[in-house]
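Q: There's a structure below that I have some questions on.
The values are calculated or read from the model by the stated rules, or taken from the named source; none is laboratory data. Because the structure is a prediction, the values reported are computed rather than measured. Every residue, glycine as well, gets a Cβ built from its backbone with ideal geometry; the counts of neighbours run over all protein chains shown. Accessible surface areas use protein heavy atoms only, side chains included; no ligands, DNA or RNA. Shrake-Rupley method; radii C 1.70, N 1.55, O 1.52, S 1.80 Å.
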Amino acid sequence: MGKQIHFNGFIQHSPSPHSTGLWKHEKDGGVNHNQLTYWVEIAQLLERGKFDSLFIADVLGTYSVYENSHRAGAEYAVQLPAHDPIIPISAMAAVTKHLGFAPTISATYAQPYALARQLSTLDHMTNGRVAWNVVTSYLESEAVNLGLTERLPKELRYDRADEFLEVVYKLWEESWEDGAVIYDRENDRFADPKKVHLINHAGEFFDVPGPHLVEPSPQRTPVIFQAGASPRGRDFAAKHAEGVFTKNHSLEALKKYTADIRRRTTLQGRDKQDVLIFPLILPIIGSTEEEAYQKYEELKEQVSYEGTASLLSGHTGIDFSRYDPDQYIEDMETEAVQGNLDMYTKDPNKKWTLREAIKNHGLGNGTVKFIGTPEQIADQIEEWATIGDADGFNIAQSYSPGTFREFVDDVIPELQKRGIYRTEYEGNTLRENMFGKGRTHIPANHPAKSVKAKV
Ligand SMILES: Cc1cc2nc3c(=O)[nH]c(=O)nc-3n(C[C@H](O)[C@H](O)[C@H](O)COP(=O)(O)O)c2cc1C
């Protein structure tokens, strides 16, 4: 049996969040994102396709870099409206048994004590199927609405996130011992207080005495996801993440990224296979290759050009309303999402004009498109998994949930036929389905296990 591939569905609580303007496509149901029925259908669909999880991206602000205004963001639904990613999870958990849920929550704006409670509660409600996509947030519009006068510098955001994780690890792993809950009805004792500990965290950013408010959940620490692109971001991923998300449009770029993440993970004293790497792909499936490419052309027609300019401005931190569309995009350092800029400035195969970059960015957030018949897409998946060393993929959508449905109906059976994709889930918790039966808890060589509460 070859290498087994994993999939996550990539979504956001917003109409057509990753293919700007596709909300108006006749096959798109994204406008129903404010209905539970939309989420229930997606969860059942992905579980039918034996996906690991539904990964729910999130931002806490508007895309207002473009023209220094939210105008284009509102007009073209550029990840706006942006509803809360956590709210639909309980409903989806109620109609599924195995699918995991990976909401995005910002370590820059959340509080570790409250967030630890929220995720532990969700881990209970889902019987151990929760992950957390740890982000540090890149939009200025998030900072000014959430108590800061401006976005914190990237280094500082990561410093804060590092300590944030230390606090939540202490709450999840150290506060309540196994066996603390005794349910002793006869003696009127719910828990043994000797086994419920303060954590007494005192640090640079946080002072949290504890104890944790929630008894141990099935996984204790939820599965940690991250998507660092800068050197500091990659080190953060190598230290903490069990799954990393990346966006590339060439196999060469992916190869470099995976080798670098594996190297950094080893330097952190972890096994290089303890971090699963998930490139984002947009599948465009046809019954013939010609039909798939025709579909690609049709989808491009529906992309909103100005909406995507606003999206790309937010992703890169550059106001592209001031640029000539035929100008080449320049290489520079950004405080926003470095990887999004690098895609267009460090491509060894091509120099990108702004117009070309915008057109590309409008479908699947600019990531690689796998276009063709189900067999051709399965070939590309195998190639990226073997040569590119990907462990799995995040599946982006053009229209929702139609892209997921086509992938589950047409590509999944092909991968199963080739023996490189599960026909049954391996375990019950998300971590087991990612790493194998029996691995419900975070492994001993992870930093979550080396934090010590000061009891
Ligand atoms: C597939 C993918 C999904 C991401 N989703 C989010 C998200 O939902 N919210 C967010 O604030 N950042 C998101 N990011 C951005 C990353 O968290 C991170 O900020 C970015 O990759 C830049 O990394 P750097 O800060 O190390 O340069 C995502 C990145 C990738 C590649």
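Q: Check which residues have an amide H placed less than 5 Å from Gly286's amide H, if you skip close sequence neighbours.
A: Answer set, sorted by chain and number: Ala292, Gly372, Thr373.
Q: Could you work out, for the stretch 297-430, what percent of all Cα-Cα pairs fall into each 5 Å distance bin, beginning at 0 Å and stopping at the bin that holds the largest distance?
A: 2, 9, 15, 18, 16, 14, 12, 8, 4, 1, 0
Q: Here's something else I'd like to know. To the nearest 10 square angstrom, how much accessible area does Val196 have with a 1.4 angstrom probe?
A: 40 Å²
Q: Now a separate question. What whole-number distance in Å separates the alpha-carbon centres of the stretch 316-363 and the stretch 1-62?
A: The distance from the Cα centre of the stretch 316-363 to that of the stretch 1-62 comes to 26 Å.
Q: In the stretch 329-455, how many lysine pairs have Cα atoms under 24 Å apart, counting only pairs 8 or more places apart or on different chains?
A: 10
Q: Evaluate the charge dipole of the chain about its Cα centre and quote only its size in Debye, nearest 20, assuming +1 on the Cβ of each Lys and Arg and -1 on the Cβ of each Asp and Glu.
A: 1000 debye
Q: May I ask you to evaluate 6.51 cos²θ - 1.76 cosθ + 1.60, the Karplus curve with θ = phi - 60°, for each residue of the stretch 147-154 and list the ³J(HN,Hα) values in order in whole Hz, giving x for glycine and proline?
A: Per-residue couplings from phi come out as x, 10, 8, 7, 4, 5, x, 4 Hz.
Q: Continuing with the same structure: If you take the charge dipole of the stretch 1-136 about its Cα centre, with +1 on Lys and Arg Cβ and -1 on Asp and Glu Cβ, which of His33, Ile56, Ala93 is farthest toward its positive end?
A: Farthest towards the positive end: Ala93.
Q: For a quick check of understanding: with a 1.4 angstrom probe and all protein chains in place, what accessible area in square angstrom does Arg160 have, to the nearest ten?
A: Its accessible surface works out to 40 Å², give or take rounding.
Q: Mind checking the alpha-carbon convex hull of the stretch 351-455 and giving the volume per residue in Å³?
A: About 213 Å³ per residue, rounded to a whole number.
Q: Separate question: Would you check the accessible area of Ile86, probe 1.4 Å, heavy atoms only, in square angstrom rounded to 10?
A: Counting only protein heavy atoms, Ile86 exposes about 20 Å² to solvent.
Q: Across the stretch 270-281, in residue order, what do the Karplus-derived ³J(HN,Hα) couplings come to in whole Hz, using 6.51 cos²θ - 1.76 cosθ + 1.60 with θ = phi - 60° and x for Gly and Pro?
A: These are the phi-based 3J(HN,Hα) values: 10, 6, 5, 8, 7, 10, 8, 10, 10, x, 8, 10 Hz.
Q: Now, a different point. Would you mind getting the accessible area per residue of the chain, heavy atoms of the protein chains only, 1.4 Å probe, in Å²?
A: So the chain comes to 40 Å² accessible per residue, rounded to a whole number.
Q: Please determine, in degrees from 0 to 90 and to the nearest 10, the orientation of helix 36-48 with respect to the longest principal axis defined by the Cα atoms of the chain, where the helix direction is its Cα long axis.
A: Taking Cα atoms only, the helix is inclined about 90 degrees.
Q: Shifting gears a bit: Quick one: with all protein chains in place, what share of the accessible area of the stretch 293-359 is carbon or sulfur, to the nearest percent (1.4 Å probe)?
A: Roughly 45 percent, rounded to a whole number.
Q: Report, by chain and number, residues whose modeled amide H sits under 5 Å from the one on Val134, excluding near sequence neighbours (fewer than 5 apart, same chain).
A: Under 5 Å from the amide H of Val134: Phe225, Gln226.
Q: Further question: Order Val31, Val181, Val451, most accessible first, counting only protein heavy atoms with a 1.4 angstrom probe.
A: My answer, sorted largest first, is Val31, Val181, Val451.
Q: Right, another one. DSSP loop (so not H, G, I, E, B), at most 12 other Cβ within 10 Å: list which GluC sites (Glu not before Pro) in the stretch 83-161 pass both filters.
A: Taking the stretch 83-161 and a limit of 12 other Cβ atoms within 10 Å, the loop GluC sites (Glu not before Pro) found are Glu150.
Q: While we're looking at this one, here's another question. Please state the Cα pair-distance histogram of the stretch 76-174 with 10 angstrom bins from zero: what percent is in each bin?
A: The calculated distribution, bin by bin, is 14, 41, 33, 12, 0.
Q: Let me ask something else about it. Each residue of the stretch 221-235 in turn: what ³J(HN,Hα) in whole Hz from Karplus with 6.51, -1.76, 1.60 and θ = phi - 60°, glycine and Pro shown as x?
A: Taking θ as phi minus 60°, the curve returns 6, x, 4, 9, 10, 7, 9, x, 10, 6, x, 5, x, 5, 5 Hz for the stretch 221-235.
Q: At 222 nm, what value in deg cm²/dmol follows for the chain if DSSP H runs of at least 4 each add -39500 (n - 2.57) and the sum is divided by all its residues, to the nearest 500?
A: It lands at -10000 deg cm²/dmol.
Q: Separate question: At 1.4 Å probe size, put Asp28, Asp379, Asp207 in order of accessible surface, largest to smallest.
A: Descending accessible area places them as Asp207, Asp379, Asp28.
Q: Would you mind estimating how fast the stretch 225-266 diffuses translationally, via Stokes-Einstein at 25 °C and 0.890 mPa s with the Kirkwood radius over Cα pairs, in µm²/s?
A: Here the translational diffusion coefficient equals 242 µm²/s.
Q: Take every Cα-Cα distance within the chain, group them into 10 Å bins from 0 onward, and report for each bin the whole-number percent of pairs it holds.
A: Percent of pairs per bin, in order: 4, 21, 32, 27, 12, 3, 1, 0.
Q: Mind listing the long-range amide H neighbours of Ile199? Cut-off is under 5 Å, sequence gap 5 or more, other chains count too, H placed in the peptide plane at 1.01 Å from N.
A: Result for Ile199 returns Gly210.
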